[in-house]
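A short reminder: the numbers here are calculations on the coordinates, not readings from a lab. This structure is a prediction, so every number in the text was calculated from the model and none was measured. Using ideal geometry, Cβ is built from the backbone for each residue, glycine included, and neighbour counts are taken over all protein chains shown.
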Amino acid sequence: MNKIKNLLIISGALFLTACSKVLDQQPQASLSPETAFSTRTGVEAGLLGIYDGFQSGDYYGLAVWIYADLYADNLTHTGTFPTFAQMANKQLLTDNTNINGMWNTIYNTINRANNLIVQAEKLNDPAFNKLAAIGEARALRAIAYFDLLRFFGGGTQGYGKPGGVGVPLFTQPTLSPANGTPKPRSTEAEIYASILADLNFAILNLPASAASGRLTLNAALAMMARVQLYQEQWAAAETMATNVINQFAAQPNGGLVAGVDYANLWLSKNVRPESIWELQYYADDRNFGAFYYYPGANGGRNEITSSSSLALAHEPGDLRRNINVTVAAPGIPANKTRKFSRTAGDDNVILIRLAELYLIRAEARARKTPSNIAGAQADLNVIRTRAGLLPTTAATTADLILAIQQERRIELAHEGHRWFDLRRYNNYSAVGITEAFRSLWPIPQREVLTSGSIVAQNSGY
């Protein structure tokens, strides 16, 4: 994704928000989408623009994984930002500027995808795989809506339950005040239906391999497994995870890197086959992960640190402990993480990897009817063995679910899963939340006000 911004001469037309913040003036120095996406090279540049949205510091360049772990119990706030303090204290306000930035950035990213999808349909170039390009854009749109749903939607008992709320659904471009009219929130089920339709299209059309950082068939299958897990569609989650796992199951460690090389998943880049999809960053196209973790002496601002709770959650001898909660060493501050260590900002961000799929399948096998206890144990033990731990002693469905929850916390620490898992398990009280409405994050106040309350606020805020 290096130097993406130099490619995006079409930015004025593409970056209009898909919600209520439509600019009063029309852009004067931009190309229309009809012109910008009239060629294969234009569509390719537009695809890179969607990824550029994902790379933003208000999205996967920082926000998603930091906010989710800070609102849970994997991170402690050690800095000065009051908006971060609200997350750490589980007392979010509707005017939190970080939440507003994340909301707007995700909708901007969706609008980029909407523009490309509509215009690419019109392109007829025998040398261009139009369906693959549209599938890539639709998969990215699906992931963006899924992220919005994870933070702002669902219900107080988790996801996929009756009565769950969604977010405003835009599948057409927002290019003018006329088509930027605020929309009321869709239901959770309607958002899931859109996500599944986009991912199914992507699975049919994405290639098996692509340049580093680009979505592939395996990435779409993996994301579908994650979505089905959240919906508690256990058989579907198992099937999707299996479609990817079976390609690598015969390899050492089931396709995972060896335990002694665990840190290299992040200290190196694009480690295959475990890394299924990761965003690419460079010193001139950076993220802010290590900068927010590391103290000033190491080139950062010391805004967050690994929690003592996370450190204590590791079993004795767990090889992941010093990656999740660092021990001070030359150039490495204490109580940070090795998953983000380059204060120049060129750490890649892994969005999904093979280890998560083993844990998805383990949970699906344990929770489906009838359960597959042996299969769940086997999947869980792939993760535990790589971590230098003994096989699980969990032998019942209830005990396996608890063991999988624990393993997800450790294996996926600093990757933005912990808060959403607590919501899925209806266990947010474990991090001190006693008011159920706070399990859903507030819709940005400005969004509610500028829509004339057409966009309804989550109850309780």
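This table checks each residue for (1) closer than 24 Å to E435 by Cα; (2) of a type in the set (G, A, S).
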| position | (1), (2) |
| --- | --- |
| D52 | no, no |
| A63 | yes, yes |
| P82 | yes, no |
| M102 | yes, no |
| N111 | no, no |
| L131 | no, no |
| E136 | no, no |
| F151 | yes, no |
| G154 | yes, yes |
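When segment 308-323 is examined, which residues are found to be in a loop (DSSP other than H, G, I, E, B) and of a type in the set (A, V, I, L, M, F, W, C)?
L319
State which residue is surrounded by the most Cβ atoms within 10 Å (Cβ to Cβ) when the search covers only segment 274-299 and only residues that are farther than 24 Å from A258 by Cα and among the hydroxyl-bearing types (S, T, Y).
Y293
Taking the conditions exactly as written (at negative phi, surrounded by fewer than 22 Cβ atoms within 10 Å (Cβ to Cβ) and not hydrophobic (A, V, I, L, M, F, W, C)), does E121 satisfy them or not?
yes
Taking segment 127-185 as the search range and keeping residues that are in a loop (DSSP other than H, G, I, E, B) and β-branched (V, I, T), which one is nearest to T216 (Cα to Cα)?
T171
Can you name the condition, by its number, that R342 falls short on among (1) outside any helix (DSSP H, G or I); (2) buried (at least 20 other Cβ atoms within 10 Å of the Cβ)?
With respect to (1) outside any helix (DSSP H, G or I); (2) buried (at least 20 other Cβ atoms within 10 Å of the Cβ), R342 is out only on (2).
Could you run through segment 357-397 and say how many residues are free of Cβ contacts under 8 Å to residues at least 40 places away in the same chain, among the hydrophobic types (A, V, I, L, M, F, W, C) and in a loop (DSSP other than H, G, I, E, B)?
3
Which of the residues that make up segment 422-449 are in contact with a Leu (Cβ under 9 Å, 6 or more places away or on another chain), assigned to a helix (DSSP H, G or I) and in contact (Cβ under 8 Å) with a residue 24 or more places away in the chain?
Scanning segment 422-449 gives R423, R424, A430, V431, R438, S439, Q445.
Within segment 186-218, which residues are touching a residue at least 12 places away in the same chain (Cβ under 8 Å), over 18 Å from the mean Cα position of the chain (by Cα) and assigned to a loop (DSSP other than H, G, I, E, B)?
Answer for segment 186-218, where residues must be touching a residue at least 12 places away in the same chain (Cβ under 8 Å), over 18 Å from the mean Cα position of the chain (by Cα) and assigned to a loop (DSSP other than H, G, I, E, B): S186, L206, P207.
Table: residues versus (1) β-branched (V, I, T); (2) free of Cβ contacts under 8 Å to residues at least 40 places away in the same chain; (3) on the phi < 0 side of the Ramachandran plot.
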position: L70; (1), (2), (3): no, no, yes
position: P82; (1), (2), (3): no, yes, yes
position: T109; (1), (2), (3): yes, no, yes
position: L131; (1), (2), (3): no, no, yes
